[in-house]
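The values are calculated or read from the model by the stated rules, or taken from the named source; none is laboratory data. As the structure is a prediction and not an experimental result, all values here were calculated from the model. Please note: Cβ atoms are built from the backbone with ideal geometry, for glycine as well, and neighbour counts cover all protein chains shown.
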Amino acid sequence: MNPQTPAELCIGRQALTLLEAVLVAAAPEEGCALLLGGRDPWCVRRVWPCLNVWEPAADRCRRFALDPREQLLAQKWARTRGLSVLGSAHSHPLSEPVPSALDRSLAFTPTLMLILGQGPVAGGARSLACWWLPEQGRPRRLTWRMDD
């Protein structure tokens, strides 16, 4: 495994609380955010909420796009605080938390992707899944844990 590839991910309690709130609040559209933190160990410390700017707007219930200007602002803000942009998060309001072919094709790999989606049973509870998207090959599901 490449040293840049996470074995697992920790998510700070406050970051997790904010992330879930941002993604749920966007429903019925897909919500999105950037994940800021460190790589040694891999840990999300801050969440940068983003607007879903996918066009046409009618498709935002099943697609998302991050505004490139927000990405640049997040990178600059993170850098001044000794953090890095680790990846992104988004929601799948109507489906399981698995990266779609479009999610994978639009991602700048290698990257981390968190998805809040519906459980595998119809009407199932929301579930958060963490994925590592390598430069080549299939996404790999990562275990994650909440960190105080």
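Number of residues in segment 67-99 that are under 26 Å from Ala125 (Cα atoms) and either buried (at least 17 other Cβ atoms within 10 Å of the Cβ) or at pLDDT 95 or above (or both): the value is 10. Taking the criterion of being under 19 Å from Pro110 (Cα atoms) and either touching a residue at least 40 places away in the same chain (Cβ under 8 Å) or aromatic (Phe, Trp, Tyr) (or both), the residues of segment 65-87 that qualify are Ala65, Ala74, Ala78, Leu83, Ser84, Val85, Leu86, Gly87. Pairs linking a residue in segment 28-50 that is farther than 20 Å from Thr143 by Cα to a residue that is among the aromatic types (Phe, Trp, Tyr), with Cβ atoms under 6 Å and 6 or more positions apart or on different chains, are Glu30/Phe64; Cys32/Phe64. Of all the residues in segment 113-148, those that are of a type in the set (S, T, N, Q) and modelled with pLDDT of 95 or more number 1. Please work out if Val44 is under 19 Å from Ala74 (Cα atoms) and among the β-branched types (Val, Ile, Thr). In short, yes.
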